[in-house]
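Have a look at the structure below before the remarks.
Nothing in this text is a laboratory measurement; each read-out follows from the coordinates by a stated rule. On a predicted model such as this, the values are computed, not experimentally measured, just so you know. Quick reminder, even Gly has a Cβ in these numbers, built from the backbone with ideal geometry, and neighbours come from all protein chains shown.
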Amino acid sequence: MKTSFWLLDINYEMMDGCPQIHLWGLDNRNKRILAIDRSPTPYFYLLLKKGKDVNDVAQAVLKVARSLKDILDVTIVERRYFGKSAKVLKITCKDPDHYSINRLARKLTKIEGVEMALEDDIRFSTQYLLDTGITPCGWYELGGKEVENNLGAQVDSVYLITQPLKPVEITGIPNLTILAFTILWCNQKAIVVSMTTNTGEERELIANDTDDKPVLEGFIRFIREYDPDIIFGYDSNRQWHNLLERAKNLGLTLSIDRMGTEPHTSIHGHISVTGRTNIDLLDFAHELEQVKVKTLSNVAEFLGVKVEGEYIEEMDIPSWWKTKAKRKELLNFAKADASRIIGIGNTMLDYILELSHLVGLPLDYVGRAATGFRVENYLLREARSLGELAPKRVERPYFPYTGGMVMAPKSGIHKDIAVLDFKSLYPNLMILYNLSPDTYVDMKEKISEDQVYIAPELGHRFRKTPPGFYKHILTGLIGARDRIHQKMKSHPVNSFEYRLLDARQRVVKIITNACYGYAGWLGARWYLKPVAEAVAAWGRATISKAQDKAKSLGLEVIYSDTDSLFVKYDSRKIEALTREIEEELGLEIKPDKVYRRIFFTEAKKRYAGLLPDGRLDIVGLEVVRGDWAPVAKDVQERVLEIILKEESVDKALEYVHQFLSDFRKGKVPYKDLVIWKTITKPLEAYKAHAPHVEAARRLIEAGYKLTLGDKIGYVITKGKGKLYQRAIPYQMATYDQIDLGYYISNQILPPATRILEEFGIKEKFS
DNA sequence: GCTTTACTTGTACCT
DNA sequence: ACAGGTACAAGTAAAGCG
């Protein structure tokens, strides 16, 4: 029997002492399927010490292994390690539990002739995905026989896999059932739950005064009944924990997964719902850098998800609950939140699926996984297809190295400035000079100069051939992206296929660009400082040559940062420049945009430019920073706008005066005075008193629960003492307590005068 | 004992 | 928990002053 199968979720379970892989997914007729694979066995490798005979060591290992009943087999296999082929021992085990594997690996590592264990730190289900080449959110041909559903799984069919899954070329995703839920915590005993599905079903549950058991029961019932493939939530990882605790106290089992068991915290720290996918959209909201404060409504608004209805602050929920007449409003509010969640989920789903598909991390984990682990999982997959063993993750000391080059800008206003960008500079340098841990030539090693590329400034050497690991990876990714772009041309822009392909190319780009950072990340398996260091050094050499060429062509360079050049817009000279660079350096540089007018202070990484269509690009300045009061950002933005568009410093000055006068009269709303800053470490770890930290302490005193990474919104109030003593959480202060003077002298004026000063305005505002 | 200066801490940005 | 380079505010300690 053969059928097309789309993979949603993977886990393993022990059955009669043997592990079996469970693949959950959908077939091409939209039936829910559980496919069971009993064939895989857990394993790890032993790398041998140099000069040791593989048979001798194998014998020694076998001797020890025989005394350990958990080891099934020891075989000699041929693999590669940092590009060199190596005979290694493959140890097949009985128990996939990682503690058990680690224990065995440690024991066998002690044997004479064994250098170290490898891949003992890769989990069983990950090994399975790597070995089979299967990746979530993709289509496969499933060969197997249908068996009886005696596990109680909530699916249409259960299959036993008899042939390896084969990838199938299908663009598209099955018709997934999706549910979004949100929960309002009204008091210790009452909750409101709202659920919305992608088929338009809605369910709202509201507790009575003292008992929310019926609400939880209704929640469980509806999930089982609707049987969603994906469960969207916002901050739902926290919600699940609270729910599980609540259910426990009520003596309920939150049996909402497809095995009739409760959601559980997986090894990676996210909440896993077996057979379904739990996606916390807050994880993905962190990737939206433009949204500074990640509230559900802010993110929804940014993504253009429009939902009607009144907004209730989380802190106000209990008081709304207390007022019985207002309880219905809570229901409406929860309903609106659920709609926001499904709206956000719908706009991000393509991206999430493609990300999971490309890097191969399970759908419910990929959002939680940091960039480094996303890149790493992709590398693991590629390594496997090359027969490369994964290096161990090891602790390393931190020694910083020099990065990109930034030129001090020529300050003031410039007209008609083009921005030239090197296209994917770092990835292309890694390809061009074959920069990789496996091509690096150690200081001690003798090799003729014409066989290596030598890094400028540093002298690090890298073999020209054969292609290194990163070169292989990056050429593959860049090629794949080109092919996707090609494919996109054959689909209308509004089509489903186009959208999916667009998401795919975006994901490929993100992973491509993250490879350099990954190579210099201490936590990376494929870390090598000289690699990252050499990339940056070649980058500096490249941009510096580009600058010289520009100058010699008579193009004045206004500013430059890492891989970009700001030059006078002169299309003939720019064309000559890009051609020369391409010929001599083998790298592509092209005009990205042209500013009609651009403004720099003396500071690097900060400017504002006027585009031909009248839009303002503001970079680095307070306007785009999340840690200034909105009032300060607004004034600076308006000043820049007047100066760049209306070209009148006097007008800008007049505007500031008028604004201050209004401000003193209290015409600016309270919310525009709130300053937001992130708590980046446990409060007790702070050495200095900082306003946002003190405000956070006050919140905790008032009973709020804070997590690392939370943003604290505070205002500065009148009174005596240091600033940090006058910083009060915005929820706990009122307008009449505000120190307007502080806002004028420390928030509004500094960013505004920074701009005006460039025009010789030294006015003392008061 | 007060003010000025120099350095440290902390955050968020840019490529 | 992808890199380093940068700006800037506020806290804090040291230096300068009389």
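Below is a table of values for the structure above.
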{"read-out": "Cα gyration tensor category, rounded, prolate or oblate, for region A:524-674 with a/c compared to 1.5", "value": "oblate"}
{"read-out": "For region A:511-607, fraction of C-alpha pairs farther apart than 21 Å, in %", "value": "45 percent"}
{"read-out": "Selection of trypsin sites (Lys or Arg not before Pro), region A:634-680, meeting DSSP coil and at most 16 other Cβ within 10 Å", "value": "A:K665, A:K667"}
{"read-out": "Per-selection metrics, chain A (Cα): Rg and Dmax in Å", "value": "29.8, 88"}
{"read-out": "Residue-count net charge about A:D502 - beta-carbon cut-off 13 Å; Lys, Arg +1, Asp, Glu -1", "value": "+4"}
{"read-out": "Local electrostatic count, A:L706, Cβ distance below 15 Å [Lys/Arg +1, Asp/Glu -1]", "value": "+2"}
{"read-out": "Ranked by how many other beta carbons lie within 10 Å on average, peptides A:283-293, A:340-350, A:21-31 from highest", "value": "A:340-350, A:21-31, A:283-293"}
{"read-out": "Charge dipole magnitude, Cβ of K and R +1, D and E -1 - chain A, Cα centre, debye nearest 20", "value": "1360 debye"}
{"read-out": "Cleavage-rule hits (GluC sites (Glu not before Pro)) in region A:73-143: DSSP loop, at most 13 neighbouring Cβ within 10 angstrom", "value": "A:E112"}
{"read-out": "Compactness relative to 2.2 N^0.38 Å, alpha carbon Rg of region A:626-759", "value": "1.17"}
{"read-out": "FRET E, pair A:E245, A:E169, Förster distance 56 Å, beta-carbon r, rounded to 0.05", "value": "0.75"}
{"read-out": "Efficiency of FRET between A:K324 and A:K671 - r from beta-carbon atoms, R0 41 angstrom, step 0.05", "value": "0.90"}
{"read-out": "All Cα pairs of region A:178-359, percent lying beyond 21 Å", "value": "48 percent"}
{"read-out": "Convex hull per residue volume in Å³, alpha carbons only, for region A:368-527", "value": "216 Å³"}
{"read-out": "Reciprocal mean inverse distance between Cα atoms of region A:43-120 - Kirkwood radius, Å", "value": "12.3 Å"}
{"read-out": "Average silhouette area of region A:277-423, convex hull of alpha-carbon atoms, in square nanometres", "value": "16.7 nm²"}
{"read-out": "Spin-label zone in region A:151-172 - amide nitrogen under 12 Å from a point set 7 Å from the Cα of A:E497 along the C-beta vector", "value": "A:170-172"}
{"read-out": "Gyration tensor over alpha-carbon atoms, region A:406-610, equivalent ellipsoid semi-axes in Å", "value": "30, 25, 16"}
{"read-out": "Among A:516-524, A:620-628, the order from most to least packed when residues are scored by Cβ within 10 Å on average", "value": "A:516-524, A:620-628"}
{"read-out": "Cleavage-rule hits, trypsin sites (Lys or Arg not before Pro), region A:687-723, DSSP coil, Cβ neighbours within 10 Å at most 13", "value": "A:K687, A:K705, A:K718, A:K720, A:K722"}
{"read-out": "Computed FRET value (nearest 0.05) for A:K415 with A:V77, which takes r as the C-beta separation and R₀ as 45 Å", "value": "0.10"}
{"read-out": "Expected 222 nm ellipticity per residue - DSSP helices of 4 or more, -39500 (n - 2.57), all of chain A, to 500", "value": "-11500 deg cm²/dmol"}
{"read-out": "Stretchable slack from A:E763 to A:V54, in nm (0.36 nm times residue separation minus alpha-carbon distance)", "value": "247.2 nm"}
{"read-out": "Karplus (6.51, -1.76, 1.60) ³J(HN,Hα), θ = phi - 60°, over region A:33-44, in Hz, Gly and Pro reported as x", "value": "10, 10, 10, 10, 10, 9, 6, x, 10, x, 7, 8"}
{"read-out": "Phi-based couplings in Hz for region A:598-611 (Karplus 6.51, -1.76, 1.60; Gly and Pro marked x)", "value": "9, 10, 10, 8, 7, 7, 6, 6, 9, 6, 9, x, 9, 8"}
{"read-out": "Relative contact order for chain A, counting Cα pairs under 8 Å that sit 6 or more residues apart, in percent", "value": "9 percent"}
{"read-out": "Protection-proxy order for peptides A:354-361, A:162-169, each taking the mean of Cβ atoms within 10 Å per residue, highest first", "value": "A:354-361, A:162-169"}
{"read-out": "Size of electric dipole in region A:688-734: Cβ of Lys, Arg +1 and of Asp, Glu -1, about Cα centre, debye, nearest 20", "value": "180 debye"}
